[in-house]
There are 2 protein chains.
Amino acid sequence: MSRKFTIGVDYGTQSGRAVLVDIATGEEKATAISVYPHGVMDDCLPDGTKLDNDFALEHPQDYLDVLSETIPAVLKEAKVDADDVIGVAIDFTACTMLPIDSNGKPLCFYPEYKSNPHAYVKLWKHHAAQDEANKLNKIAEERNESFLKYYGGKISSEWFIPKIWQILDEAPDIYNKADRFMEATDWVIMQLTGEEKRNSCTAGYKAIWHKKNGYPSKEFFKALDPRLENLVEDKLSTDIYPIGSKAGEITEEASKLTGLKVGTAVAVANVDAHVAIPAVGITDEAKMLMIMGTSTCHILLGTEEKIVPGMCGVVEDGVIPGYFGYEAGQSCVGDHFEWFVKNSVPASYTLEAEEKGVNIHELLTEKASKLKIGESGLLALDWWNGNRSVLVDVDLTGMMLGLTLLTKPEEMYRALIEATAYGTRMIIDTFKENGVPIKELYAAGGIAEKNKMMMQIYSDVTNMEIRISASPQAPALGSAMFASLAAGKEKGGYDSIVEAAKHMSKVKEEYYKPIPENVEAYNKLYAEYKKLHDYFGRGENDVMKRLKKIKANAK
Amino acid sequence: MSRKFTIGVDYGTQSGRAVLVDIATGEEKATAISVYPHGVMDDCLPDGTKLDNDFALEHPQDYLDVLSETIPAVLKEAKVDADDVIGVAIDFTACTMLPIDSNGKPLCFYPEYKSNPHAYVKLWKHHAAQDEANKLNKIAEERNESFLKYYGGKISSEWFIPKIWQILDEAPDIYNKADRFMEATDWVIMQLTGEEKRNSCTAGYKAIWHKKNGYPSKEFFKALDPRLENLVEDKLSTDIYPIGSKAGEITEEASKLTGLKVGTAVAVANVDAHVAIPAVGITDEAKMLMIMGTSTCHILLGTEEKIVPGMCGVVEDGVIPGYFGYEAGQSCVGDHFEWFVKNSVPASYTLEAEEKGVNIHELLTEKASKLKIGESGLLALDWWNGNRSVLVDVDLTGMMLGLTLLTKPEEMYRALIEATAYGTRMIIDTFKENGVPIKELYAAGGIAEKNKMMMQIYSDVTNMEIRISASPQAPALGSAMFASLAAGKEKGGYDSIVEAAKHMSKVKEEYYKPIPENVEAYNKLYAEYKKLHDYFGRGENDVMKRLKKIKANAK
């Protein structure tokens, strides 16, 4: 019997990448990347129309180009016949959404709308719907809406409903013209299958949908704006499909676009962080995956729906079918270290790194790794970009203390790393305290792969073993696994994610183990972190918020 | 009648400088500097004997060289006849002390002691008597010694008694051989006049002497170490002369050394910070002088003896005859900014400063001065080197909060400057709250002269006008004023410091005025500073001390 393959396509912020995977082994036979020609549009539209502050748009044609470029490329590179590709799946940044007409055509494809920013894709980091998010949260709180508790008490301006509301506010013609608002990830699947099949992951985490309760009530939408009363019926859909199910099959048109055979199975769409879970072999509860990049996203499965303070969301079938998928987040991890090297590392260090032929992070890490735990006397609160979990407060800011005239840059650098580790422990402890067990840690992303000192610190601070993704493309690999599920056993794929993970998931052999004496040393420091975390974060001294207000008034 | 002149000699850490002044106008006719050939000995003695950690010694011959080099030099440069020089006075760093024999000869001049570190001058920043200081403070507290309250509750390791005790502990032969322990400033005066006349300033601020109570009791010294029981009688002196009085006259020998006439009046010795008070025209109460350098020393006169928490000392006749002289201090001012530019300013800024041909402080100041008050959202506690006044706690450490991913180096730089201004306001408020009025501010030292942004911030934060010394050599000018007092009216000098100050003191015409809207803005920020100051500094959360302990154990 010939080998069977699936393709996973991971849509990132600047580019999309396809990976062709041997489903018997998880071997990644070929990878191809396509950079979006329009990139992130945050200054102007393609015709030169200027954009307001905080806009971040994309062009949906770029997503189709990814399909037409990368899928033929991986087939060719791997020398695999399209007949042997039994399934395809995608994952995407989220909430990344767009308005379309009744034929699924993006409104920005219409010449008459090409100068209207609201006709384009609103990327996840489009932050111009903050006013709408603030109003939404206020009204939801006043109405005591029960959905708030699933999202740590706050709906983000990055999410689906605020973005739609902004379109209604600023471009009612686009709102009216739109037959549908869709997540880009669902829209791409529709281009492959010809059918609208929305996924439970984006619906649950980004669009305030709940498997039992559905969307918020008409009354709530009416309270936001009378014109939104029938939003769900008119422009969304209540048909939501669980992650891991099949969305449909490659159409004639999609076959021409991609080179895949008509009838190839297509999985329901997914989100980049969440899809990485099976890629590291997680298919059941109590194992938390940290996807570590500029920020860190934490994904965890549970068997019960618990309300955990500060989580980003809990969604049934949102990550792995049959489980409640929990998401939490730290808004500032890699960004933290980037800020530091850009703003706080002296010229003498820059020069030393140049002379040694290493980058500045490597130099600082080398120096910091020689420090004993607690030797710097420093302690930081990792809130340079606010705190997502567990405090859900964008108005918190960073702090460092213990500074002396002998404090060195590598000591501050390490203190920032440790602060993010303490932040992770705070999340883990909070989940555990609220009845969601965590027994193992996994990590994926560039930082997890590269920075051994940091991962050992995380292991010591959390007193847990940490396993690292062995795929540099964990999301794309995860998508390839869901593609094998969409194909099903009959077509040579798998019928369960457990089975797929057994064959396809990958973690490195080497893993991090907590060192007992380090654990003890960090327990003392964490106790100090926790005390300051609560003092500044839970209302005892709201100095950070008052300073932010003073700052806003000063400008 | 011919013009009359005096000479003031200011002994610093690395060099001594003489200034020849026209006493009718205060005009500085000539200045000469002599760098100490032996410098600060913190590594080894002249014969190569290695020194322990925290030792900082000097060689008394260097002090005599200052006299023989700089006094003839200023006479020559100013083309002034020694007949027209009616007085000479000196000021010194303190406590800077040495053991001498019964003829006033430093023990380090003896060949048999030249390899013994304890035979040399212990410079003010000799920190190797910390153990003795700790024991002294513990015993004084246990005995409930009343003198502690005059010194903010703690005797510093830099001061006279701990330094003597260290000699007894580590070199009992030197202790026994020593006929006297003297402040270097008094010893130099003895070289000029042939007489031992100790000054009230160093006795009061550094040697735990009180005008009414004298030195601590025999019982106390015995409790420290039985061998110290008769220290005062055996090796010090209870004859203490008020600042502003005459110590004696130039001897034959001193005349040969200096070129001054035999019989020229010599003032009682003084301390560099305290002597600057009349140089800026302060001769009565409620005017605080800040001498701003690596650290800041605050001097203030009052008409009553009050116990002010955290002051460094209160001494009757210690600064100006007839007044109680108060001293307070901030242990980290210029050092703060030096630490920052060395450890936290990125290469891009270093390059920009080079391209603009300015130093890095000028570049940061230029950028920081464009910021509105509160615009950075930052707040710091200026404790990088502990806190002297008002908390008297070396175990406190620096803190900064309000950091975000957009925080820039100039914002942190300005936050550090503002933190030192808040620290000053805390000192001022504490004096006022404890019954010592402060109505005007004066500043001297390099920072005060150069950094206009900083001085305006100080004026706005304290809501007080600030006048700046017009002499680049305020201490030497102050000494020249006390020299005119030693000469007295009959010899062409002055009989009162008020009269001397009227003619000789100098402040710049331009001064700093608080800007009402800035005062209001800083009031809000100061309220936040105060809250954090008390939280971290007064025991609510001793995290800084606990981190210091963890740090000490880690090393």
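The values are calculated or read from the model by the stated rules, or taken from the named source; none is laboratory data. The model shown is predicted, which means the values in this text are computed figures rather than measured ones. Using ideal geometry, Cβ is built from the backbone for each residue, glycine included, and neighbour counts are taken over all protein chains shown.
If you check A:N116, A:N103, A:N137, which single one turns out to be under 25 Å from A:Y205 (Cβ atoms) and of a type in the set (S, T, N, Q)?
Numbers: A:N116 fails: under 25 Å from A:Y205 (Cβ atoms); A:N103 fails: under 25 Å from A:Y205 (Cβ atoms).
Step by step, each of A:N116, A:N103, A:N137 is checked, and only A:N137 is under 25 Å from A:Y205 (Cβ atoms) and of a type in the set (S, T, N, Q).
Keeping to segment A:33-45, report how many residues are touching a helix residue (DSSP H, G or I) at 6+ places or on another chain (Cβ under 6 Å) and assigned to a strand (DSSP E or B).
Result for segment A:33-45: 1.
Listed residues B:L485, B:L547; which is within 12 Å of another protein chain (Cβ to nearest Cβ) and either surrounded by fewer than 20 Cβ atoms within 10 Å (Cβ to Cβ) or assigned to a helix (DSSP H, G or I) (or both)?
Working: B:L485 fails: within 12 Å of another protein chain (Cβ to nearest Cβ).
Just one listed residue meets the conditions, B:L547.
Before we move on, is B:A380 touching a strand residue (DSSP E or B) at 6+ places or on another chain (Cβ under 6 Å), modelled with pLDDT of 95 or more, within 11 Å of chain A (Cβ to nearest Cβ) and crowded, with 17+ Cβ neighbours inside 10 Å?
Details: touching a strand residue (DSSP E or B) at 6+ places or on another chain (Cβ under 6 Å): yes; modelled with pLDDT of 95 or more: yes; within 11 Å of chain A (Cβ to nearest Cβ): yes; crowded, with 17+ Cβ neighbours inside 10 Å: yes.
In short, yes.
Within segment B:315-333, how many residues are within 22 Å of B:D91 (Cα to Cα) and either among the basic types (K, R) or out of contact with any Lys or Arg (no Cβ under 7 Å at 6 or more places or on another chain) (or both)?
Here is the first cut: in segment B:315-333, the ones within 22 Å of B:D91 (Cα to Cα) are B:315-331.
Checking the rest, the ones that are also either among the basic types (K, R) or out of contact with any Lys or Arg (no Cβ under 7 Å at 6 or more places or on another chain) (or both) come to B:315, B:318-328.
Adding up the residues that qualify gives 12.
Please tell me if A:A476 is out of contact with any Phe, Trp or Tyr (no Cβ under 8 Å at 6 or more places or on another chain), away from chain B (no Cβ under 14 Å) and hydrophobic (A, V, I, L, M, F, W, C).
Numbers: out of contact with any Phe, Trp or Tyr (no Cβ under 8 Å at 6 or more places or on another chain): yes; away from chain B (no Cβ under 14 Å): yes; hydrophobic (A, V, I, L, M, F, W, C): yes.
Yes: the conditions hold for A:A476.
Just to check your reading of the model, which residue among A:G325, A:G329, A:G318, A:G293 is surrounded by fewer than 20 Cβ atoms within 10 Å (Cβ to Cβ), under 17 Å from the mean Cα position of the chain (by Cα) and on the phi < 0 side of the Ramachandran plot?
On the way: A:G325 fails: surrounded by fewer than 20 Cβ atoms within 10 Å (Cβ to Cβ); A:G329 fails: surrounded by fewer than 20 Cβ atoms within 10 Å (Cβ to Cβ); A:G318 fails: surrounded by fewer than 20 Cβ atoms within 10 Å (Cβ to Cβ).
Exactly one residue qualifies, and that residue is A:G293.
Quick check on A:Y511: is it of a type in the set (S, T, Y) and within 14 Å of chain B (Cβ to nearest Cβ)?
Taking the combined requirement at face value, the residue does not satisfy it.
Determine which single condition B:D335 fails, assuming it passes every other condition in (1) surrounded by 18 or more Cβ atoms within 10 Å (Cβ to Cβ); (2) within 12 Å of chain A (Cβ to nearest Cβ).
Evaluating B:D335 over (1) surrounded by 18 or more Cβ atoms within 10 Å (Cβ to Cβ); (2) within 12 Å of chain A (Cβ to nearest Cβ) leaves (1) as the failure.
In segment A:327-341, what count of residues is obtained for those that are assigned to a loop (DSSP other than H, G, I, E, B) and of a type in the set (V, I, T)?
Start the filter on segment A:327-341 by keeping residues that are assigned to a loop (DSSP other than H, G, I, E, B), which leaves A:331-333.
When the remaining residues are screened for being of a type in the set (V, I, T), the result is A:333.
Qualifying residue count, segment A:327-341: 1.
Exactly one condition in (1) part of a helix (DSSP H, G or I); (2) buried (at least 24 other Cβ atoms within 10 Å of the Cβ); (3) not hydroxyl-bearing (S, T, Y) is false for A:E253; which is it?
Unmet for A:E253, out of (1) part of a helix (DSSP H, G or I); (2) buried (at least 24 other Cβ atoms within 10 Å of the Cβ); (3) not hydroxyl-bearing (S, T, Y): (2).
Every residue, every condition in (1) in contact (Cβ under 8 Å) with a residue 40 or more places away in the chain; (2) closer than 29 Å to A:M544 by Cβ; (3) part of a helix (DSSP H, G or I), yes or no:
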residue	(1), (2), (3)
A:D395	yes, yes, no
A:E411	yes, yes, yes
A:I438	yes, yes, no
A:I447	yes, yes, yes
A:I457	yes, yes, yes
A:R467	yes, no, no
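Here are some conditions: (1) touching a helix residue (DSSP H, G or I) at 6+ places or on another chain (Cβ under 6 Å); (2) of a type in the set (D, E); (3) surrounded by fewer than 23 Cβ atoms within 10 Å (Cβ to Cβ). B:D429 meets all but one. Which one does it not meet?
Among (1) touching a helix residue (DSSP H, G or I) at 6+ places or on another chain (Cβ under 6 Å); (2) of a type in the set (D, E); (3) surrounded by fewer than 23 Cβ atoms within 10 Å (Cβ to Cβ), B:D429 violates only (1).
Of the numbered conditions (1) within 21 Å of B:V271 (Cα to Cα); (2) surrounded by 22 or more Cβ atoms within 10 Å (Cβ to Cβ); (3) of a type in the set (A, V, I, L, M), B:M454 fails exactly one; give the number of that condition.
(1)
Just checking, how many residues over segment A:522-539 are surrounded by fewer than 20 Cβ atoms within 10 Å (Cβ to Cβ) and over 18 Å from B:M400 (Cα atoms)?
5
Let me confirm something: among B:V519, B:V461, which residue is more than 14 Å from every other protein chain (Cβ to nearest Cβ), within 26 Å of B:L391 (Cα to Cα) and crowded, with 23+ Cβ neighbours inside 10 Å?
Working: B:V519 fails: crowded, with 23+ Cβ neighbours inside 10 Å.
Just a single option satisfies the conditions, and that option is B:V461.
So which residues in segment B:98-153 are surrounded by fewer than 22 Cβ atoms within 10 Å (Cβ to Cβ), in contact with a Phe, Trp or Tyr (Cβ under 7 Å, 6 or more places away or on another chain) and among the acidic types (D, E), if there are any at all?
B:E145
How many residues are among the aliphatic types (A, V, I, L, M) and within 7 Å of another protein chain (Cβ to nearest Cβ) if we restrict to segment A:392-406? Spell out the reasoning first.
Step one: filter segment A:392-406 for residues among the aliphatic types (A, V, I, L, M), giving A:392, A:394, A:396, A:399-401, A:403, A:405-406.
Pick out the ones that are also within 7 Å of another protein chain (Cβ to nearest Cβ) and you get A:399-401, A:403, A:405.
Looking only at that region, the number is 5.
Being surrounded by fewer than 19 Cβ atoms within 10 Å (Cβ to Cβ) and either at positive phi or touching a residue at least 12 places away in the same chain (Cβ under 8 Å) (or both): is that true of A:D272 here? Even if it seems obvious, please write down each step before you answer.
On the way: surrounded by fewer than 19 Cβ atoms within 10 Å (Cβ to Cβ): no; either at positive phi or touching a residue at least 12 places away in the same chain (Cβ under 8 Å) (or both): yes.
Criteria not met by A:D272.
Kindly indicate which of B:A18, B:A24, B:A30, B:A73 is aliphatic (A, V, I, L, M), assigned to a loop (DSSP other than H, G, I, E, B) and either in contact (Cβ under 8 Å) with a residue 24 or more places away in the chain or within 17 Å of B:L192 (Cα to Cα) (or both). Let's see the steps before the verdict.
Details: B:A18 fails: assigned to a loop (DSSP other than H, G, I, E, B); B:A30 fails: assigned to a loop (DSSP other than H, G, I, E, B); B:A73 fails: assigned to a loop (DSSP other than H, G, I, E, B).
Sole residue among the options that is aliphatic (A, V, I, L, M), assigned to a loop (DSSP other than H, G, I, E, B) and either in contact (Cβ under 8 Å) with a residue 24 or more places away in the chain or within 17 Å of B:L192 (Cα to Cα) (or both): B:A24.
Does segment A:377-390 contain at least one residue that is over 28 Å from the mean Cα position of the chain (by Cα) and either assigned to a helix (DSSP H, G or I) or free of Cβ contacts under 8 Å to residues at least 60 places away in the same chain (or both)?
Within segment A:377-390, one or more residues are over 28 Å from the mean Cα position of the chain (by Cα) and either assigned to a helix (DSSP H, G or I) or free of Cβ contacts under 8 Å to residues at least 60 places away in the same chain (or both).
Can you pull out every residue in segment B:407-423 that is under 22 Å from B:A527 (Cβ atoms) and more than 9 Å from every other protein chain (Cβ to nearest Cβ)?
Across segment B:407-423, the qualifying residues are B:E411, B:R414, B:A415, B:L416, B:I417, B:E418, B:A419, B:T420, B:A421, B:Y422, B:G423.
How about segment A:157-208: which of its residues are within 19 Å of the chain's Cα centre (by Cα), farther than 24 Å from A:G16 by Cβ and crowded, with 24+ Cβ neighbours inside 10 Å?
Across segment A:157-208, the qualifying residues are A:I161, A:P162, A:I208.
Just checking, how many residues over segment A:342-375 are assigned to a loop (DSSP other than H, G, I, E, B) and either more than 7 Å from chain B (Cβ to nearest Cβ) or under 32 Å from the mean Cα position of the chain (by Cα) (or both)?
Going through segment A:342-375, the residues assigned to a loop (DSSP other than H, G, I, E, B) turn out to be A:344-345, A:357-359, A:369-375.
Now narrow it down to the ones that are either more than 7 Å from chain B (Cβ to nearest Cβ) or under 32 Å from the mean Cα position of the chain (by Cα) (or both): A:344-345, A:357-359, A:369-371, A:373.
Counting residues in segment A:342-375 that are assigned to a loop (DSSP other than H, G, I, E, B) and either more than 7 Å from chain B (Cβ to nearest Cβ) or under 32 Å from the mean Cα position of the chain (by Cα) (or both) gives 9.
If you take the residues of segment B:76-116 that are in contact with a Cys (Cβ under 9 Å, 6 or more places away or on another chain) and not in a strand (DSSP E or B), which of them is farthest from B:A178 (Cα to Cα)?
Among them, the one singled out is B:A94.
Which residues, taken from segment B:529-544, are assigned to a helix (DSSP H, G or I) and facing another protein chain (nearest Cβ under 9 Å)? Explain how you work it out, then say what you get.
If we filter segment B:529-544 for residues that are assigned to a helix (DSSP H, G or I), which is where we start, we get B:529-537, B:543-544.
Those that are assigned to a helix (DSSP H, G or I) and facing another protein chain (nearest Cβ under 9 Å): B:K531, B:L532, B:Y535, B:F536, B:V543, B:M544.
If I ask for residues that are free of Cβ contacts under 8 Å to residues at least 60 places away in the same chain and not in a helix (DSSP H, G or I), which ones from segment B:117-132 would you list?
Scanning segment B:117-132 gives a single hit, B:A129.
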